[in-house]
Every structure is written in C-alpha cells, then in structure tokens.
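The values are calculated or read from the model by the stated rules, or taken from the named source; none is laboratory data. Computed from a predicted structure; not experimentally measured. Here Cβ is always computed from backbone atoms with ideal geometry, including for glycine, and neighbour counts include all displayed protein chains.
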Amino acid sequence: MGKGGGCVPSKKRQPKPPPPVVEAGGNDPSKPLPADDTDADTASASHPQALTLAPPSASSFKIFVVFYSMYGHVELLARRMKEGIDGVDGAEGVLYRVPETLSPEVLEKMKAPWKDEGIPVIESPARLAEADGILFGFPTRYGAMAAQMKAFFDSTGQLWREQSLAGKPAGFFVSTGTQGGGQETTAWTAITQLAHHGMLFVPIGYTFGAGMFNMEDVRGGSPYGSGVFAGDGTREPDEMELALAEHQGKYMASVVKRLVHP
C-alpha cells in the first residue's frame with residue numbers, strides 16, 4: 001500500500017485549522033455522497049439504451065482532470081497535467097476534486113492538509129458528460145484506487161444507464177508509497193470502470209521517449225499513465241514525474257483533438 005499513496009500520516013504536511021467549507025452547489029465532505037445518482041448495481045435493473053455517438057460540434061474542447069488527493073501528491077500531478085492540456089491549441093483543462101468521504105475529525109488525525117478551495121469539488125457525476133475527455137487521478141490503496149474515487153465511480157449509475165460517457169477518451173494517473181506499491185496495478189484495476197461505461201482508455205505507452213527509459217533516478221509513472229512515489233509522505237513529485245504528468249496532459253489533448261476535429 002502506498003502513502004499518498006497510503007495511510008501513513010505525513011511527517012511534513014500539517015492540517016490547517018479551519019473547518020471544511022461547503023461550496024455553493026457542492027458537497028459537504030464530512031457527509032456521504034448524494035444518493036441522487038443510482039449506483040451501478042441498482043441501475044443494472046434498467047438496461048442501458050442502444051447508443052449512436054453524435055459528432056462533437058464545438059470548435060474548442062474540454063478535458064476534465066478529476067482527482068482525489070489526500071496529502072497533495074496527486075494534486076501536484078493534476079496541476080501540471082492541466083498545463084500540458086492548456087498548451088494544446090483549442091484545449092482547456094478543468095480541475096475537479098471528487099467528494100471526500102472521511103470526516104474532518106478523521107482527516108485531522110491522519111494529518112491530511114487542508115484542500116485548496118480554488119479547485120472545486122465536482123458537484124454531480126453528471127458533469128462528466130460535458131467533458132470531451134477525462135483524466136482520473138487517485139492514490140493507491142493496496143494496488144487499487146482509493147475508496148473516495150471508487151465511491152465517485154459508484155455514483156455514476158445514471159450516466160451508465162444512459163451511456164452518456166460512451167466513446168469518451170479517458171486515462172489515469174496515480175500515487176503510491178513504494179516502487180512496488182501499484183504504479184501499474186492501480187491504473188490497471190481501474191480500467192474496469194471505463195469498460196462498463198464504454199469509454200476509451202488512452203494509455204501514454206512509451207510516448208514520453210527517453211524519459212521512460214531512465215534508470216538512474218527514482219521515478220513514478222508507467223505506460224498506463226503518469227505517477228509519483230510519495231514515500232512516507234515527505235517526498236513530493238520531482239521534475240521528471242511532473243514533466244511526465246505534463247506530457248500526459250498534452251498527449252491526451254492531442255488524442256481528443258483528433259477525435260473532436262478529425
């Protein structure tokens with residue numbers, strides 16, 4: 001299991017004192033996810049309708065970067081990823097957090113830092129349908145996505161019934177505490193979420209070039225997507241890991257652009 005990653009309190013980051021603020025139209029992170037979107041198991045009683053994909057009409061396009069970050073490692077990748085997206089002509093990267101499922105009291109005991117309110121919580125899974133492409137980021141928990149991100153995916157039952165996300169390109173980026181902590185399996189096990197929605201998984205492969213073959217430095221990331229090693233929480237992404245995140249944003253934007261403007 002990885003920290004940032006994992007559940008070992010950070011030795012460097014300290015939580016800020018003010019209580020959580022619920023943004024207008026947002027979710028109280030101390031309460032469970034809203035139940036207005038039926039989960040996929042319940043939704044299975046209503047079969048999805050046959051779908052015909054309509055060609056996009058907008059001259060510009062948006063890529064959502066939707067992430068969960070307890071200690072800030074995934075957030076740093078997300079911010080750099082947005083820079084890569086915004087660097088592609090016509091592309092706009094939009095950052096969103098998924099709702100927190102832990103109470104403020106638990107987060108304080110885990111020494112989780114205060115979240116930057118400049119990045120909004122995605123108020124409803126239905127917003128995903130507005131994106132032309134989506135990059136999902138999350139820390140690992142025993143080689144799979146953190147429960148907060150899984151809870152968000154579990155709330156997309158209505159989108160699944162309507163197949164609103166079918167055909168949309170999507171990718172992953174992750175954080176783990178150790179080199180064997182799930183840089184590949186965390187993304188690999190998440191592909192099932194995309195498959196049931198009919199989304200198109202876009203890995204980065206070895207498109208980063210020589211940086212993918214660097215054996216001299218410790219570096220997160222894999223052909224599945226960019227990543228960071230958080231260690232005990234005191235290690236933040238180095239420049240190579242951030243550069244890989246920026247590359248993934250740029251690469252995803254170039255793939256989406258081909259689909260939006262063939």
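I need the full set of residues from region 96-128 which are hydrophobic (A, V, I, L, M, F, W, C), within 20 Å of Thr234 (Cβ to Cβ) and outside any loop (DSSP other than H, G, I, E, B), in order please. It would help to see each step written out before you state the result.
So in region 96-128, the residues hydrophobic (A, V, I, L, M, F, W, C) come out as 98, 102, 106-107, 110, 112, 114, 119, 121-122, 126, 128.
When the remaining residues are screened for being within 20 Å of Thr234 (Cβ to Cβ), the result is 107, 110, 112, 114.
Matches in region 96-128: Leu107 only.
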### Message
Looking at region 118-162 only, could you name the residues that are within 16 Å of Tyr96 (Cβ to Cβ) and among the hydroxyl-bearing types (Ser, Thr, Tyr)?
### Response
Ser124, Ser155, Thr156
### Message
If I ask for residues that are crowded, with 20+ Cβ neighbours inside 10 Å and within 30 Å of Ser59 (Cβ to Cβ), which ones from region 97-120 would you list?
### Response
Arg97, Val98
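Each row is one residue, and each column tells you yes or no for (1) touching a helix residue (DSSP H, G or I) at 6+ places or on another chain (Cβ under 6 Å); (2) under 18 Å from Ser226 (Cα atoms).
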| site | (1), (2) |
| --- | --- |
| Phe67 | yes, yes |
| Tyr71 | no, yes |
| Leu77 | yes, yes |
| Glu92 | no, no |
| Ser103 | no, no |
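On the given criteria, is Met70 at pLDDT below 95, of a type in the set (A, V, I, L, M) and closer than 22 Å to Ala245 by Cα? Step through it out loud before you land on a result.
On the way: at pLDDT below 95: yes; of a type in the set (A, V, I, L, M): yes; closer than 22 Å to Ala245 by Cα: yes.
Taking the combined requirement at face value, the residue satisfies it.
Quick check on region 129-162: of everything there that is among the aliphatic types (A, V, I, L, M) and in a strand (DSSP E or B), which residue is farthest from the chain's Cα centre (by Cα)?
Keep residues of region 129-162 that are among the aliphatic types (A, V, I, L, M), which gives 129, 131, 134-135, 144-147, 149, 151, 159.
Within this subset, residues satisfying the condition of being in a strand (DSSP E or B) are 134-135, 144-145.
Working: Ile134: 8, Leu135: 5, Ala144: 13, Met145: 10 Å.
My answer is Ala144.
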### Query
If the Cβ limit is 9 Å and pairs must be 6+ apart or interchain, which residue in region 225-250 that is among the polar types (S, T, N, Q) pairs with which residue that is at pLDDT below 90 and surrounded by fewer than 22 Cβ atoms within 10 Å (Cβ to Cβ)?
Thr234/Lys11; Thr234/Lys12; Thr234/Arg13
### Query
So which of Gly211, Gly249 ends up being in contact with a strand residue (DSSP E or B) (Cβ under 8 Å, 6 or more places away or on another chain) and either surrounded by 19 or more Cβ atoms within 10 Å (Cβ to Cβ) or part of a helix (DSSP H, G or I) (or both)?
Gly249
### Message
With the requirement that a residue be more than 12 Å from Gln183 (Cα to Cα) and in contact with a strand residue (DSSP E or B) (Cβ under 9 Å, 6 or more places away or on another chain), what does region 214-231 give you?
### Response
Val218, Gly231
### Task
Report, by residue number, each residue of region 220-233 that is modelled with pLDDT of 80 or more, of a type outside the set (Gly, Ala, Ser) and farther than 9 Å from Ser175 by Cβ.
Pro223, Tyr224
### Task
Look at region 167-214 and say how many of its residues are over 15 Å from the mean Cα position of the chain (by Cα) and among the acidic types (Asp, Glu).
0
### Task
Can you confirm whether region 127-148 contains a residue that is without any contact (Cβ under 8 Å) to a residue 12 or more places away in the chain and either crowded, with 22+ Cβ neighbours inside 10 Å or under 27 Å from His197 (Cα atoms) (or both)?
no
### Query
Of the residues that make up region 214-235, is at least one assigned to a helix (DSSP H, G or I), closer than 18 Å to Arg80 by Cβ and among the polar types (S, T, N, Q)?
no
### Message
Among the residues of region 156-174, what is the count of those that are small (Gly, Ala, Ser) and surrounded by fewer than 23 Cβ atoms within 10 Å (Cβ to Cβ)?
### Response
4
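Given the condition aliphatic (A, V, I, L, M) and surrounded by fewer than 16 Cβ atoms within 10 Å (Cβ to Cβ), answer yes or no: does some residue in region 182-197 qualify?
First pass over region 182-197, keeping only residues aliphatic (A, V, I, L, M): 187, 190-191, 194-195.
When the remaining residues are screened for being surrounded by fewer than 16 Cβ atoms within 10 Å (Cβ to Cβ), the result is 191, 195.
Within region 182-197, one or more residues are aliphatic (A, V, I, L, M) and surrounded by fewer than 16 Cβ atoms within 10 Å (Cβ to Cβ).
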## Note on the structure
Over region 182-212, the set of residues free of Cβ contacts under 8 Å to residues at least 24 places away in the same chain and closer than 26 Å to Arg161 by Cα is Ile191, Thr192, Ala195
